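Below is one structure; the comments refer to it alone.
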Amino acid sequence: MWKCVKCGTLNREETCSACGAHWTTGQMLEQNPEQETYNQQGAYPETPYVYQENGYGAPDDRRTKEQNNNGLIITIVICVTVIVALLLGIGAYIFVQDDDVIYGDETVQTTYVPAEKTEVPEPTAEATVEPKPVPTTVPTPAPTPAPKHNGAAKRQAFLGRADEIEAYAKTAGAEAMTQMDINRVSGEIYSRWDALLNDVYQYLKSVLPAGEFESLRKDELAWIKRKEAAVAKEGEAWGTGSGRPMAENGVATEYTRERCYELINMIP
């Protein structure tokens, strides 16, 4: 094996594989497997399994490798020993803590000692007596004062309603053409006068003294009998004629209309 002087390539043939120079222009390299030393020209012997960054071979130091391997094994054994010792120490510490806690020469047991039971005094008979509830007095609301009576204004209001009924009777009566319409309008006129009479009667009941209203009540009952008798008599006179409802309503309206004005004038 020889090294080319021109390009520095290692070659086994007589001609350089890189630049084509003949082996005579290079340096011969020798290899001694037993000693693995430099040759006479100072070149490195051929080492097929070790290479440097510059491309030249380097000798394999088997002795150094064996020393490195032995050192690695020793390091691993030391680390494992330390870890095992640490685990054993932690286990021993936990075991001691679960058993006893030692302070100097005295040993304090960690077993649970129940505390002494504190007796709670039972409540006496006086303490169990609940206080009687104090009745709450609900204030009675003051009575609502009755509205002041104003007879003149009330009479005027009732008279105004009477005037409206009078106006309706004239208008509705003039528009009624058939007997059926006349019978219907006469019934509506009577109903309006009868409603006004009831309102006036109830108002007198609230403002008249008890004795005066009792006399009015008896007089009202007598008046109702007279009105019903007159209505029945007028109906019999008409018989089964189609104008009988109109005749009966007319008599009832006349009685009720006059009674309304009488009671309105009785308002004090």
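The values are calculated or read from the model by the stated rules, or taken from the named source; none is laboratory data. Not measured: the values here are computed from a predicted model. Every residue, glycine among them, receives a Cβ derived from its backbone with ideal geometry; neighbour counts consider all protein chains shown.
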Fill in the blank from the handout: Residues of region 228-242 being outside any helix (DSSP H, G or I) and surrounded by 14 or more Cβ atoms within 10 Å (Cβ to Cβ), in sequence order, are none
Problem - Residue within region 245-255 that is among the charged types (D, E, K, R), within 16 Å of Ile165 (Cβ to Cβ) and either out of contact with any Ser or Thr (no Cβ under 8 Å at 6 or more places or on another chain) or surrounded by fewer than 17 Cβ atoms within 10 Å (Cβ to Cβ) (or both) present - result: yes
Problem - All positions within region 206-230 that are closer than 19 Å to Gly187 by Cβ and without any contact (Cβ under 8 Å) to a residue 24 or more places away in the chain - result: Ile224, Glu228
Completion exercise
Checked pairs for region 242-268, first within 24 Å of Val207 (Cα to Cα) and in contact (Cβ under 8 Å) with a residue 40 or more places away in the chain, second of a type in the set (D, E, K, R) and surrounded by fewer than 20 Cβ atoms within 10 Å (Cβ to Cβ), C-beta under 7 Å and 6 or more apart or across chains, list as Thr256/Asp194; Ile264/Arg155; Ile267/Lys154; Ile267/Arg155
Problem - Residue satisfying all of: in region 191-214; of a type in the set (Ser, Thr, Tyr) and surrounded by 12 or more Cβ atoms within 10 Å (Cβ to Cβ); farthest from His149 (Cα to Cα) among these - result: Ser191
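Okay, residues lined up against (1) of a type outside the set (A, V, I, L, M, F, W, C); (2) under 60 Å from the mean Cα position of the chain (by Cα):
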position: Ser206; (1), (2): yes, yes
position: Ala229; (1), (2): no, no
position: Gly239; (1), (2): yes, no
position: Arg244; (1), (2): yes, no
position: Thr256; (1), (2): yes, no
Handout entry: Of the criteria (1) at pLDDT below 95; (2) over 30 Å from Gly151 (Cβ atoms), which one Ala230 fails
Key = (1)
